[in-house]
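What follows is calculated from the coordinates using simple rules that are stated; it is not laboratory data. Owing to the predicted nature of the structure, the values given are computational and were not obtained by experimental measurement. Counting neighbours? That spans all protein chains shown, and the Cβs are built from the backbone with ideal geometry, glycine included.
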Amino acid sequence: MHSLNKVDDNIAKIGQLFPNSLTERKNEKGEVEYAIDFDVLRQELSSVIVEGNEERYQFTWPDKKQSILLANAPIAKTLRPCTEESADFDTTENLYIEGDNLDVLKLLQETYLGKVKMIYIDPPYNTGNDFVYEDDFAQSTDEYLANSGQYDEDGNRLVQNSESNGRFHTDWLNMIYPRLRVARDLLRDDGVIFVSCDDNEQVNLAKICDEVFGAINRIGPIIQNKQNAKNDTINIQKNHEFILVYRKNVQIDTGSCIVPSLIKKTVQYKDVFEENGKYYFLNDSITTRGLGGTLAARQNLGYTVYYNPNSLDKIAINDYDSTKAQTAQSIDEIYTDVTELLNRGYVPIRPPKVRGSLGCWTWSMEKFNEQKNNIVITGKPDSYAVKKRTFVKGENVMNIDGKLKYANCSENNIRSIWDYSTNDGTNALNAVLGKSNIFSNPKNLNMIMEILRIVQNKDSIILDFFSGSATTAHAVMQLNAEDGGNRKFIMMQLPEITDEKSETYKAGYKNICEIGKERIRRAGKKILEEQAAKDKSLFDEETPKLDIGFRVLKLDSTNMKDVYYNPSEYTPELFSSLTDNIKDDRTSEDLLFQVMLELGVLLSSKIEKTVMNGKTVFNVADGYLIACFEDDINDATVKAIAQQKPYYAVFRDSSMASDSVATNVEQIFATYSPRTERKVL
């Protein structure tokens, strides 16, 4: 019941690629185990003879090797469901998980391997404050100085302010590195991760992400213009933060470096006109407005458009006289007077000035006269606009509120600078909770929604393992309501205790998780109310309801008792205590979720309780997994489960009514469902 041991897995993979690097050694218990001969492996990965350590490009810091070990090391923990703090526990596909996110990520790395479309995180910034995330390899200042070479040969310190210059970055890097290592495995091959940070660790974070995700998968930083930054620095005022963006795999499908999921699609509805059964909308592509440049640079585009507002006829005439341009006192003196057209009611339309100079058109005179039937002139005589018609297919035209509209879709790469005020994030949270000063600097809700739109996939899993006030969960629900999506969120948050003197504590929030859960409850209710006000048909029996619920799971020690004893420690009392290998305080639901983790069943899967032969049975994912942890299970109960033909069937060792029932399990399943995988806890 341990999470995946990444070291064993990595050794197996390397051994397949380079069998000669696979060796054996004795571990601390004296047992023989596989290991990698790194000298052989180094030589296999080099085209020249490797002799000793050589200088090379790398990014390292004290304890980095221990960070790698921490990322790979297994843990003996589990996730326990908490139905009383959940919302719509039985039907929701959303998860809210409380606990250290490194441990939680490890527990999910098998079940959610390659299933997450997008990760967004806003980890704690390195402002010099103590970290809540304290991992197992904390190092004292003296130990750090000794290991990092900051003493001279006589034992004198070489750096005066060693703690701020060294451990200041080291502690933060040791915190973020293993979490990104494990999180990468959860991403789909077409997945993307967004990481918010400030300039304290932006450079180091980019180097870590280059190593974890690969520099070739770097999409680039987004600069968030905070708009309302405080004047709290002695140097340059910090008006921005960063969002680092990385893809999982650049070689997806075509091997192209283009990521379709990072193309921003926009839709603009344009007014459509009908003429003889054909539909068109108007563009202003040939009006100047600075697009055509100056007449001095493009004299061939200096003609006059003569327009008859009565007959709607129009014609372009090259009446521009460049020889008069230097001496003319007004714009009319530069053009030849076409008296005949003026007498016939034509009005001259000339390009306006551009940046103080005479402007020009964007079309040549010849093209204008060829296409004049597709030209429409709008506006008043003193401000005519010359526009071209663009015809569209009738099936793309729709009637919206009595007006004909055309949906004009365009695709553009996302821009690198975003304007999202940090105050808006605070205001959105305050509006939902009905109180202020509850959470410092929550992320901008609209910014997270914009990230979700970029990712595009409406039926995907969204992960945030530094959930904070649960802005990401709020954004997922809000966007699902707007575009009919079916995105599912997984929020992770350490239940950090709030200060008893703070407004947060006084408002009843004893830890950060309580803020996030309450926000999701209230935001979901508000979103449903807004939907109902717009369209009550969204809530009929045939329409799928918006998922505003969440299953609360809490990190805890394994459900299994510690049964590792030396022979000298065995006593008669010990034998009786080990008749059941499950801890006394654990429920059937606790066991079910640990089994789901171990067998790779999504924790959001549908769970139904049924009764078979008088025993409570869990049916997960419509019969994919059936589990029964009741006492005194007999052959009839086992037979009833086998007849359902599940993929997995799980029982508790102590649940069998007798030894004969335990013996008969295999025979019963061999008869009724031989393909079912059986497991006994």
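Numerical summary
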quantity: Virtual spin-label span in nm between Tyr269 and Ser47, 7 Å along Cα→Cβ; calculated: 6.0 nm
quantity: Share of Cα-Cα pairs in region 345-484 lying beyond 24 Å, as whole percent; calculated: 61 percent
quantity: Qualifying lysines (Cα of each under 27 Å from Cα of Lys645; at least 8 residues distant if same chain); calculated: Lys115, Lys606, Lys609, Lys615, Lys679
quantity: Distance between modelled label sites at Ser557 and Lys534, nm, 7 Å Cα→Cβ extension; calculated: 5.0 nm
quantity: Neighbour-count order for Glu31, Glu44, fewest beta carbons within 10 angstrom listed first; calculated: Glu31, Glu44
quantity: Alpha-carbon gyration tensor eigenvalues x 5, square-rooted, for region 419-524, Å; calculated: 25, 14, 11
quantity: Ascending count of other beta-carbon atoms within 10 Å, so fewest first, for Ser311, Ser21; calculated: Ser311, Ser21
quantity: Packing rank of 522-529, 510-517, where each peptide gets the mean count of other beta carbons within 10 Å, highest leading; calculated: 510-517, 522-529
quantity: Label point distance in nm, Tyr624-Phe59, each placed 7 Å from Cα along Cα→Cβ; calculated: 3.6 nm
quantity: Within straight-line cross-link reach of Lys387, lysines at Cα separation under 24 Å, skipping those fewer than 8 residues along the same chain; calculated: Lys270, Lys278, Lys314, Lys353, Lys367, Lys372, Lys403, Lys405
quantity: Extended-chain gain in nm, criterion 0.36 nm per residue less alpha-carbon gap, Leu312 and Ala431; calculated: 37.4 nm
quantity: Gained length - Phe391 relative to Glu366, 0.36 nm times residue gap less alpha-carbon distance; calculated: 6.9 nm
quantity: FRET efficiency, Lys458 to Ile414 (Cβ-Cβ, R0 25 Å, nearest 0.05); calculated: 0.90
quantity: Cβ-based exposure ranking for Ser502, Ser421, in which fewest neighbours within 10 Å come first; calculated: Ser502, Ser421
quantity: For region 567-680: Kirkwood Rh in Å [reciprocal of mean 1/r, alpha carbons]; calculated: 14.9 Å
quantity: Ratio of the Cα radius of gyration of region 18-123 to 2.2 N^0.38 Å, where N counts its residues; calculated: 1.61
quantity: Ranked packing of 448-455, 604-611, most packed first, by mean Cβ within 10 Å; calculated: 448-455, 604-611
